[in-house]
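Down below is the structure, laid out as structure tokens.
Each value in this text was obtained by applying a stated rule to the coordinates, not by laboratory testing. Only a predicted model underlies this, so the values are computations on that prediction, with no experimental measurement involved. Virtual Cβ from ideal backbone geometry, glycine too; neighbours counted across all protein chains shown.
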Amino acid sequence: MTMRIAVAISGRGSNLEALLRALQPGAPAEIVLVVSDRAEAAGLAHARSREIPAMVLRDPADAAAWLERLGEYRIDLLVLAGYLRLVPAPVIAAYRGRIINTHPSLLPAFGGKGMYGERVHQAVLESGARETGVTIHLVDEGYDRGAVLAQSRVPVLRDDTPERLAARVLEVEHRLLPAAVLAAAAAGRPVPLEQSPVASHQSRPRDKTPNAPSPGKP
Ligand code: GRF
């Protein structure tokens, strides 16, 4: 059975685009709904150009509205791909273990409230960490806290700027997120990537990864 996916975005939507490219017709998963907390999110165009329903949440904290939409589209998996707000707790409870997020660092390092976009890469550079990366994780009620499903490392280079580092991390994200979604489709639910038959060599177990100092965020 094809896994029915909703993707939540707040901005550019390049991870949504990477997912759409990876999930061609015949794939075990299909994006059937895109939601955004921002009407001006550029990524909504990726959905609209493919005639995928793209909805702007009038109130992103309205759990009932979320649940109605996810139910209406019979969603099996919710993917947060550059979605910058907390998903309301009743939605997390109803879809526990079926919501994943991509984060542009090796969590738990450089995660938590306020750690998004360029701020993450700026903090990595300021810390002197020699590597960073990408984490795909289950979503719980907090920011960037749920169980890690996959991580992939990216070296920090001597002459990196936040922009250059962000671009290299994003490239890795565009491979790791689709790999995690395909693994979830194969298993019927999100699973650690290294335990999946479609495991990618890029995935790393959590306990071997973060050498970077934590910025002390929750
Ligand atoms: C990604 O790096 C994501 O991990 C972070 O914000 C970026 C979103 O990029 N939270 P995009 O909207 O998918 O292009």
_Explain nothing, just the number: dipole magnitude of the range 13-84 about its Cα centre with +1 on each Lys and Arg Cβ and -1 on each Asp and Glu Cβ, in debye rounded to the nearest 20._
180
*Amide H contacts under 5 Å for Val35, placed H, 5+ residues apart*: Val7, Ala8, Ile9, Met55
*When the Kirkwood radius is taken over all Cα pairs of the range 39-94, what Stokes-Einstein diffusion coefficient follows at 10 °C and 1.306 mPa s, in µm²/s?*
128
*Under Stokes-Einstein, with the Kirkwood radius over Cα pairs standing in for Rh, what whole-number D in µm²/s applies to the range 123-190 at 10 °C and 1.306 mPa s?*
120
*Using the alpha-carbon atoms, what tilt in degrees (0 to 90, nearest 10) does helix 118-127 show relative to the longest principal axis of the chain?*
20
*Cβ charges +1 (Lys, Arg) and -1 (Asp, Glu), total dipole of the chain, debye*: 280
*asked:* How would Thr161, Thr132 line up from fewest to most surrounding beta-carbon atoms within 10 angstrom?
replied: Thr161, Thr132
*For Glu131, list long-range residues whose amide hydrogen, built 1.01 Å from N in the peptide plane, is under 5 Å from its own amide hydrogen.*
Val156
*Low-density loop cleavage sites - trypsin sites (Lys or Arg not before Pro) in the range 83-130, where at most 14 other Cβ are within 10 Å (DSSP)*: Arg85, Arg96, Lys113, Arg130
*What Kirkwood hydrodynamic radius, in Å, does the chain give when the mean of 1/r is taken over all pairs of distinct Cα atoms and then inverted?*
17.2
*Can you give the helix-only mean residue ellipticity at 222 nm for the chain, where every DSSP H stretch with n ≥ 4 adds -39500 (n - 2.57) and the sum goes over all residues, rounded to the nearest 500 deg cm²/dmol?*
-9500 deg cm²/dmol
